[in-house]
């Protein structure tokens, strides 16, 4: 009998389908071991592996009449709770309670966890009522489960009340509420709660509060928590990644890179965090260098990091690198989702390959509003105004609702292509009842620029007066450029007065204003503008060029001689310049000095 029992237990363990189990079930009945506690637990564990609720498992446990303990039922619920369909755990719970099962302190945490996984706020509240009725509200594990459930479901009033009513709290209690605040974007509340903790934080606690510090840009507090981590839990992979992310979000890139270098091991999250951070902090060249280092270390990039690297390629105009990523995605059969497809379109557009951007757009099965915006922005950027408007109408027909970024791209297309009437129409379409979008400063700036380019200065000034926000330096600059093109100098004094109010650091408008005064020989005003720039520490931004050679981006600033191949580059430029001159393209030699 004993050997047969172990034989049947092994069969249950290796069983993978319901049909086979029914045959085993028959053997269990005839062998007489069907009521054995170990057999009952193994049966419950088997049915807990199914991803869908199955009445058969509940029926078998009922037939067995397992009054040995609640463990088999709890095991069955736990199996469903850990699956991809956690709602099945609640269905099992309801069924077995109807059949007379009495839940205990081990049942409720699992059921509440299941409710949290599928955001079943109604089901969880019912379970909460049963907890109170049966007198389990004083159990610490049940209390922690309630705090976690209500936090995940976003009901922080009840979660906080449950937390405050706890006579004893452990680290799970504090972490449950802190992590809930972080998931809901209530970062200030998470930091405030962390400061009240009267127990030793865990790694999970530290990770949650580091996320909050990063989102709030609390670099000083983040550094303090970093020090606590080194003293109490050490620099492991998960916590280390969280520290790097916190410093990146606070734009403390030196500290982020230092911690990254100190990590005892690195995974794809480590690399993604630092590379994406460099891209967000406008350091695309450094991000590509780090990506190359990651790839040579043997770590395979995923869609998330490839999306960030494509953004870096777009910023640098690194077309060859972007094409390599395109080939890599196809070679590795990486799914073309909306994120990577949109980043690819943006990269090709900003690198000047509008045709490739369109080809990428057309091959995408699913397109969201960001995908359309990337294409429309690329077409607008390169002066394909009519094509941009055509695709915008196609976007509307596809039932994709445009947003503020969409209309900014369309207005830019109209501005760059001189489509003034169309620009007016789309601007009023944006604020119409159908779209009900509020124009931002960028939209007004685009309209002012478009009207000024077309010589409609009076209309541009009238539009500026209707703006619900004060115009910025770019709007005044657009108006100033329009005045310059029309030969109107009188308006320049008003612009200068406005610039004094704005206290802008944009050098372009000051230089343009100075040049207008100089053209009209108003030297006193020229001196005034130049003195104002000096007082405010405003310097004309140096021109720069970026060239990609052997998958590496090289940036050259005007007047900069720090490049290691500076002499070789200039020697070659002189040779090319002289060759151009000899072919008769210039009256005088273009010598590079």
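The values are calculated or read from the model by the stated rules, or taken from the named source; none is laboratory data. Predicted model, so just to flag it, every value in this text is computed and none were measured. Cβ: placed from backbone, ideal geometry, glycine included. Neighbour counts: every protein chain shown.
Structure notes:
- Selection status of residue 439, at pLDDT 85 or above, part of a loop (DSSP other than H, G, I, E, B) and within 37 Å of the chain's Cα centre (by Cα): yes
- Residue 388 meets all of the listed conditions (1) within 29 Å of residue 300 (Cα to Cα); (2) more than 23 Å from the chain's Cα centre (by Cα); (3) crowded, with 21+ Cβ neighbours inside 10 Å but one, namely (1).
- Of all residues assigned to the stretch 402-418, at least one qualifies as being over 22 Å from residue 370 (Cβ atoms), modelled with pLDDT of 85 or more, touching a helix residue (DSSP H, G or I) at 6+ places or on another chain (Cβ under 8 Å) and in a helix (DSSP H, G or I).
- Checklist (1) touching a residue at least 60 places away in the same chain (Cβ under 8 Å); (2) surrounded by fewer than 22 Cβ atoms within 10 Å (Cβ to Cβ); (3) on the phi < 0 side of the Ramachandran plot applied to residue 365, failing item: (1)
- Residue match in the stretch 232-243 (condition: farther than 26 Å from residue 152 by Cα, at pLDDT below 95, over 19 Å from the mean Cα position of the chain (by Cα) and in a helix (DSSP H, G or I)): yes
- Candidate set from the stretch 374-384 (those that are closer than 10 Å to residue 409 by Cα and surrounded by fewer than 24 Cβ atoms within 10 Å (Cβ to Cβ)); member that is farthest from the chain's Cα centre (by Cα): 381
Yes/no per residue for (1) touching a residue at least 60 places away in the same chain (Cβ under 8 Å); (2) surrounded by fewer than 18 Cβ atoms within 10 Å (Cβ to Cβ); (3) more than 18 Å from residue 410 (Cβ to Cβ):
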residue: 443; (1), (2), (3): no, no, no
residue: 449; (1), (2), (3): no, no, no
residue: 453; (1), (2), (3): no, yes, no
residue: 462; (1), (2), (3): no, yes, yes
residue: 465; (1), (2), (3): no, yes, yes
residue: 473; (1), (2), (3): no, no, yes
residue: 476; (1), (2), (3): no, no, yes
residue: 479; (1), (2), (3): no, no, yes
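- Pairs, first assigned to a loop (DSSP other than H, G, I, E, B) in the stretch 557-586, second surrounded by 11 or more Cβ atoms within 10 Å (Cβ to Cβ) and modelled with pLDDT of 70 or more, C-beta under 7 Å, six or more apart: 563/569; 586/580
- Selected residue [farther than 23 Å from residue 94 by Cα and without any contact (Cβ under 8 Å) to a residue 24 or more places away in the chain] from 165, 155: 165
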